[in-house]
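In what follows, a structure is listed as structure tokens, so that the remarks can point back to it.
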Amino acid sequence: MIDIPTEAKAEAKKAEAPAAKEEQRKPKLDAQGRASAIGRRKESSARVWIKPGRGKIIINKKEIKQYLARPVLQMIVNQPFEATKTAGQFDVVCTVKGGGLSGQAGAIRLGISRALTDFDPSLQSLLRQGGFLTRDSRAVERKKYGRAKARRSFQFSKR
């Protein structure tokens, strides 16, 4: 039996790993040349399609400035493009349901980030470093019986 030193085994695995990643990383586009993805945040769910264009963002058949009036929410949606320096290069069409505007903006951001990695897999490391590919699992805590809200007690009365 031939015994290979553990260092040689580790080097062999490292050599195999990048080759396997390169095979997996291929753009996933549909017949129209679009990349699609789903993003979720709180109670919101967004379906996102991106394609090369001029940077137009349409949410539920409305312009981004009409749908998300607050500049903070518009900034959240545009963060993946700014992190990858691709602002103004992609047109985005998305449908979003559920939750409030803040949750919807977070869902769209995650959907755009995932779609960008499908369109150009080389952007994945940049988006991963910025935390754009991690789903924020925080949700509203449920109300408990015997309490006014999730944690708040009813007002105490001495008599």
Residue pairs within 9 Å by beta carbon, gap of at least six or interchain, first lying in segment 114-128 and among the basic types (Lys, Arg), second open to solvent by less than 50 Å² (accessible area, probe 1.4 Å) and in a helix (DSSP H, G or I), listed first then second, are 114/127; 128/117
Is there a residue being under 16 Å from residue 50 (Cα atoms), in contact with a strand residue (DSSP E or B) (Cβ under 9 Å, 6 or more places away or on another chain), open to solvent by less than 60 Å² (accessible area, probe 1.4 Å) and not acidic (Asp, Glu) anywhere in segment 117-138?
-> yes
Condition check for residue 113: open to solvent by 40 Å² or more (accessible area, probe 1.4 Å) and touching a helix residue (DSSP H, G or I) at 6+ places or on another chain (Cβ under 7 Å) | no
So, first residue on the phi > 0 side of the Ramachandran plot in segment 28-39, second residue open to solvent by 80 Å² or more (accessible area, probe 1.4 Å) and of a type outside the set (S, T, N, Q), Cβ within less than 7 Å, six or more apart or across chains; the pairs are 33/51
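Does residue 65 qualify as being modelled with pLDDT of 85 or more and either among the polar types (S, T, N, Q) or assigned to a strand (DSSP E or B) (or both)?
No; evaluated as a whole, the condition is false for this residue.
The values are calculated or read from the model by the stated rules, or taken from the named source; none is laboratory data. Here the structure is a predicted model, which is why all the values come from computation and not from measurement. Cβ sites come from the backbone with ideal geometry, for glycine too, and all protein chains shown count toward neighbours. Keep in mind that these areas ignore ligands, DNA and RNA; they rest on the heavy atoms of the full protein, side chains included. Shrake-Rupley method; radii C 1.70, N 1.55, O 1.52, S 1.80 Å.
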